[in-house]
Amino acid sequence: MGGYFSIFIIAVIAIVIISLIYTIKVVKQQSVAKAGIDEPIPKHIQSNPYVKNPIFWAYIIGFGFLLLFIFYLAGRW
């Protein structure tokens, strides 16, 4: 594991963080723009918009696997 691997891990973490921030920004814009929605959003989704969003779950699970991989490699090093 040379210096390139560390740079790669830092770049991946930066991309994940930037993507998460962008996704949160888009979700906030969507909640502001109420015009153009075909049907009303159910109450249980309105009360927990972040919990019901599969994109956030994908980020959480992906970041969790990334952390596990980093700790696994750090333990072997």
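Taking θ as phi - 60°, what are the ³J(HN,Hα) couplings along the range 71-77 by the Karplus curve (6.51, -1.76, 1.60), each to the nearest whole Hz, with x for Gly and Pro?
So the Karplus estimates, Gly and Pro as x, are 5, 5, 5, 5, x, 7, 6 Hz.
Just need the Rg to Rh number for the chain, please, alpha carbons only, Kirkwood Rh.
With Rg and the Kirkwood Rh in hand, the quotient comes to 1.16.
Every number here is computed from the coordinates shown, using simple stated rules; none is lab data. In this text, all values refer to a predicted model and were calculated from it rather than measured experimentally.
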